[in-house]
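Just below is one structure, and these are the notes that go with it.
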Amino acid sequence: MAAGIDDIAIYIPGLYLDAADFAAARGLDPVKLQKGLGVSQMAIVDANQDPACLAANACHRIMERNGLSPADIGRLYVSTESSFDESKAMNSYVVGMLEQVYGQGTFEHCGGVETKFACVSGSYALYDNTNWIRAGESDGKSALVVVSDIAKYDLGSSGEMTQGAGAVAMLLNDEPRLLAFDPRVTATSIKDEYDFYRPFGKETPIVHGQYSNLLYMIQVRKALELYKENVARTGLIKIGPEETILDHMDYINMHLPYSNMGKKALAYLVRHEWRQLPRWSAILEAVGMEEPVPGEGGGTIEAVLADGEFMARDHEFTRSFSQTEQFRQIYESKLASSLVASSMIGNLYTASLYLGFRSSLEFEFKKGADLAGKRVGFGSYGSGSSAMVFSGVIQPGYADVVRGMDLEAEIGPRRRLTWGEYEKLHENVLDPSEAAGPQGTGFVLVDVKTESESRGERRYAFVE
Ligand code: HMG
């Protein structure tokens, strides 16, 4: 039975911090953000928004667009790492908000949980719900998987230039118009790590940035190795003697903590895959240097990062490799369109990979590409750490959905924050009534109770 993504809706806050303003305030070269990281704007939540109302707004949009009622939805999962309660799941808040519109008790039959594993948890939620459908448990109903996050780092930290916020809702069913997931090939890797984590009670993460960059690539590569074994075992893809698995993926979507991380990770995977092939000698000739190898003691990530000579040479090699005709071809044709939205919005943690997929569909379609039957590979990564590699095939009915995609229209009107406004929002000194962004229709946070017996209760309203 086919199972996969039928439609995707996004909800992005209407306030943003411009990369040029950020660079000026922090004394950085704006080119570092715009070209080095691929960050142009970062979406910032308003005083009356939290990850639950971002998620509810994305759900409401997808339901309205598809003429769905709560009776059509059998499961509603929310994946997030911006949780504000240690017990009450975020999907319960979302159900509460949706019932303000669709009627009290209308979602009573609907199961679901909040899932957590940094940025990769949405991929686990998609996998579990796809299998719920494949197993015949859905009984004709659809599942909603919503990925929603606020990527917020300490003021003045190196992570601060990779913030963002937003939600992506995905409708899953057994006749998906967009993408049917390939069965029995999904591969995971997992390792207890402290590259990025957020201890209880702390609003922002503790981050080891360069360590996390390298760990991301290593973990995705490990999952890719297992994915290759899975496609061989199931016979899904036959990899010829001078081919790699990447040749069989028409599009590649990577987790995007910032837009250029997608390119960096693709270059890492392509190097890894091409190194054993006859085509590698032409690459080395084009690059003009041997591929560097870590020095003695290069067995750990710490040792690799501490090996300054290797890091400098590897940086030089990667830079030249990324400029080769062979890499540029794979980058432009398989990845580049997925990066457009990320550079306008920033990191959405769990939602970043799926904003990238949504971006790829829209911008490839606008190029005039025929997407039907094309295989999409996904490289999902969550700190702490786990990676998931999986794939799916774009379905014949995709154009009915993708034709209507318009990123700028879906983001809606946006307002550029002043530095002072940004700092106030970051430090949470504003009350929800002091929201400053464009106030369209949708769910907003009204208040959070502080009295001891009701502390943490949240009230939301739907603004018509
Ligand atoms: P940094 O170390 O200050 O930046 O922060 P950098 O020195 O690495 O520079 C970034 C890039 O800009 C480099 O390019 C520089 O060469 C270039 P690259 O080597 O990557 O190709 N650059 C310039 N380019 C042009 N003109 C200039 C210039 N200066 C430098 N003047 C870092 C970067 C990502 C470490 C930091 O922002 C950070 O800590 N971010 C948060 C952590 C993060 O995003 N990690 C990503 C991997 S882990 C992950 O994805 C999981 C995550 O989403 C969380 C989760 O799973 O829940 C974060």
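The values are calculated or read from the model by the stated rules, or taken from the named source; none is laboratory data. The model shown is predicted, which means the values in this text are computed figures rather than measured ones. Neighbour counts are summed over all protein chains in view; Cβ atoms, including those assigned to glycine, are modelled from backbone coordinates with ideal geometry. In case anyone asks, the SASA skips ligands and DNA or RNA and just uses the protein heavy atoms, side chains included. Shrake-Rupley method; radii C 1.70, N 1.55, O 1.52, S 1.80 Å.
Points to keep in mind about this one:
- Look at the range 249-261: where a residue is among the small types (Gly, Ala, Ser) and a partner is in a loop (DSSP other than H, G, I, E, B), sitting 6+ places away or on another chain with Cβ atoms under 6 Å, you get Ser259/Gly38.
- For the residues Tyr127, Tyr93, the requirement of being among the aromatic types (Phe, Trp, Tyr), more than 16 Å from the ligand (Cβ to nearest atom) and either closer than 29 Å to Asn253 by Cα or more than 24 Å from the chain's Cα centre (by Cα) (or both) singles out Tyr127.
- Selection status of Gly384, within 12 Å of the ligand (Cβ to nearest atom) and either surrounded by fewer than 23 Cβ atoms within 10 Å (Cβ to Cβ) or not in a helix (DSSP H, G or I) (or both): yes
- Among the conditions (1) at pLDDT 95 or above; (2) out of contact with any Leu (no Cβ under 6 Å at 6 or more places or on another chain); (3) of a type in the set (A, V, I, L, M); (4) more than 14 Å from the ligand (Cβ to nearest atom), Val293 misses just one, which is (1).
- Residues of the range 169-183 satisfying the condition of being crowded, with 19+ Cβ neighbours inside 10 Å and either assigned to a loop (DSSP other than H, G, I, E, B) or modelled with pLDDT under 95 (or both): Pro176, Arg177, Leu178, Asp182
- Neighbours by Cβ (under 9 Å, 6+ apart or cross-chain): first from the range 404-431, assigned to a loop (DSSP other than H, G, I, E, B); second open to solvent by 60 Å² or more (accessible area, probe 1.4 Å) and not β-branched (Val, Ile, Thr): Gly404/Arg65; Met405/Lys366; Glu427/Leu155; Asn428/Glu203; Val429/Glu423; Leu430/Lys424
- Count of the range 198-218 residues which are under 13 Å from Ser386 (Cβ atoms) and either open to solvent by 60 Å² or more (accessible area, probe 1.4 Å) or aliphatic (A, V, I, L, M) (or both): 2
- Gly112 being more than 15 Å from the ligand (Cβ to nearest atom), among the small types (Gly, Ala, Ser) and open to solvent by 40 Å² or more (accessible area, probe 1.4 Å): no
- The range 184-195 residues that are open to solvent by 60 Å² or more (accessible area, probe 1.4 Å), paired with ones that are in a loop (DSSP other than H, G, I, E, B) (beta carbon under 6 Å, 6 or more apart): Lys191/Ser385
- Taking each residue of the range 75-86 that is at pLDDT below 95 and open to solvent by less than 10 Å² (accessible area, probe 1.4 Å) and looking for partners that are of a type in the set (Asp, Glu) and within 16 Å of the ligand (Cβ to nearest atom) with beta-carbon atoms closer than 6 Å, six or more apart or interchain, yields nothing.
- Near pairs, Cβ below 6 angstrom, 6+ apart or cross-chain, from the range 210-236 (closer than 16 Å to Leu266 by Cβ) to any residue that is hydroxyl-bearing (Ser, Thr, Tyr) and open to solvent by 30 Å² or more (accessible area, probe 1.4 Å): Met217/Tyr268; Ala223/Thr188
- Any chance Val101 is touching a residue at least 24 places away in the same chain (Cβ under 8 Å), aliphatic (A, V, I, L, M) and assigned to a strand (DSSP E or B): no
- Taking the listed residues Ile239, Ile301, the one that is open to solvent by less than 40 Å² (accessible area, probe 1.4 Å) and not small (Gly, Ala, Ser) is Ile301, with no other qualifying.
- Set side by side, the residues Gly136, Gly166, Gly67 differ, and just one is crowded, with 24+ Cβ neighbours inside 10 Å, at positive phi and either assigned to a helix (DSSP H, G or I) or more than 13 Å from the ligand (Cβ to nearest atom) (or both), which is Gly166.
- Checking each residue in the range 176-197 for being touching a strand residue (DSSP E or B) at 6+ places or on another chain (Cβ under 7 Å) and of a type outside the set (A, V, I, L, M, F, W, C) picks out Pro176, Arg177, Asp182, Thr186, Thr188, Ser189, Tyr197.
- Residue tally, condition out of contact with any helix residue (DSSP H, G or I) (no Cβ under 8 Å at 6 or more places or on another chain) and hydroxyl-bearing (Ser, Thr, Tyr), over the range 58-97: 2
- Qualifying positions in the range 284-293 - closer than 22 Å to Leu224 by Cα and surrounded by 13 or more Cβ atoms within 10 Å (Cβ to Cβ): Glu291
- Annotation: Glu242 fulfils all but one of (1) within 30 Å of His315 (Cα to Cα); (2) in contact (Cβ under 8 Å) with a residue 40 or more places away in the chain; the unmet one is (2).
- Any hit, the range 141-158, residues being within 16 Å of the ligand (Cβ to nearest atom), part of a helix (DSSP H, G or I), over 23 Å from Val376 (Cα atoms) and open to solvent by 10 Å² or more (accessible area, probe 1.4 Å): yes
- Of the helices (runs of 4 or more DSSP H) contained entirely in the range 184-294, those carrying at least 1 residues that are within 18 Å of the chain's Cα centre (by Cα) fall at 209-234, 259-274.
Listed here are the residues, each with its yes/no results for (1) crowded, with 18+ Cβ neighbours inside 10 Å; (2) modelled with pLDDT of 95 or more; (3) away from the ligand (no atom under 16 Å from the Cβ).
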| residue | (1), (2), (3) |
| --- | --- |
| Asp370 | no, yes, yes |
| Gly392 | yes, yes, yes |
| Pro396 | no, yes, yes |
| Arg415 | no, yes, yes |
| Gly440 | no, no, yes |
| Lys449 | no, yes, yes |
| Arg458 | yes, yes, yes |
